[in-house]
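Single-structure report; data block below.
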Amino acid sequence: MSSLASAQLAPENDDALPFVKTAADVAGNVQQQSLANFIAIFVEEQKWADVAKDGDLGPFLKLKEASPKAGRSAVCFFSQEKEAATCVYFDGKSPFGVVAVKAADGGAIQSGEIPGAYKPVSKDMLKGDHNWQFTKVPLNTDQGVALTAYQVGSPNPLQKF
């Protein structure tokens, strides 16, 4: 992914936030660390093939279980240092799969670890009332494809849905 500073603002996509919120519940239940300060990236069906060429996102989108087809999308969460990532896959509006990986001792995430980390989404993974804060940020792939992305902020205990 290109750096945030050099990216252009992604086109407005009002439909992305519900996916990101659902994916945040799943990610929060499958990884050991807080999502605060992670970047959440929504990959819509129309951009899947182009985004699959990205160095960071590509290995998650090339997963056999997540093969692109009509109605598929994904939300991937990356830590600022890119040493931890979780990707939630959607079929229509329903999450069906998740991958959570973490690099060993400050290294980079190894794409070979991604297939073995795949799990189907269970009902327990959907539970959550974290009330994360999401701030839209500009982000492009390595090839310049504009993406809908959000900086994840700490939960607001006063906010109720």
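Specify the residue that is surrounded by the most Cβ atoms within 10 Å (Cβ to Cβ); the eligible residues are those in segment 87-127 that are part of a strand (DSSP E or B) and in contact (Cβ under 8 Å) with a residue 60 or more places away in the chain.
As a first pass, look at segment 87-127 and keep what is part of a strand (DSSP E or B): 87-91, 94-102, 118-120.
Now restrict to residues that are in contact (Cβ under 8 Å) with a residue 60 or more places away in the chain: 88, 90, 95, 98, 100, 102, 119.
Numbers: Val88: 29, Phe90: 23, Pro95: 22, Val98: 25, Ala100: 21, Lys102: 16, Lys119: 13.
My answer is Val88.
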Filtering segment 128-143 down to residues that are surrounded by 14 or more Cβ atoms within 10 Å (Cβ to Cβ), in contact with a strand residue (DSSP E or B) (Cβ under 7 Å, 6 or more places away or on another chain) and not in a loop (DSSP other than H, G, I, E, B) yields Gln133, Phe134, Lys136, Val137, Leu139, Asn140
Is there a residue in segment 58-71 that is basic (Lys, Arg) and closer than 17 Å to Ala40 by Cα?
-> no
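Of all residues in segment 64-86 being part of a strand (DSSP E or B) and among the aliphatic types (A, V, I, L, M), which is surrounded by the fewest Cβ atoms within 10 Å (Cβ to Cβ)? Before the answer, list the steps.
So the first thing to find is which residues in segment 64-86 are part of a strand (DSSP E or B), and the list is 72-78, 84-86.
Now narrow it down to the ones that are among the aliphatic types (A, V, I, L, M): 74-75, 84-85.
Numbers: Ala74: 27, Val75: 27, Ala84: 20, Ala85: 26.
It comes out as Ala84.
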Say we look at segment 41-61 and pick out the residues that are in contact with a strand residue (DSSP E or B) (Cβ under 9 Å, 6 or more places away or on another chain) and in a helix (DSSP H, G or I); which of these is surrounded by the most Cβ atoms within 10 Å (Cβ to Cβ)?
-> Phe60
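Here, each number is a calculation from the coordinates, and none is a lab measurement. What you see is a predicted model; the values in this text were computed from it and never measured. When we count neighbours, we look across all protein chains shown, and the Cβ atoms used for this are built from the backbone with ideal geometry, even at glycine.
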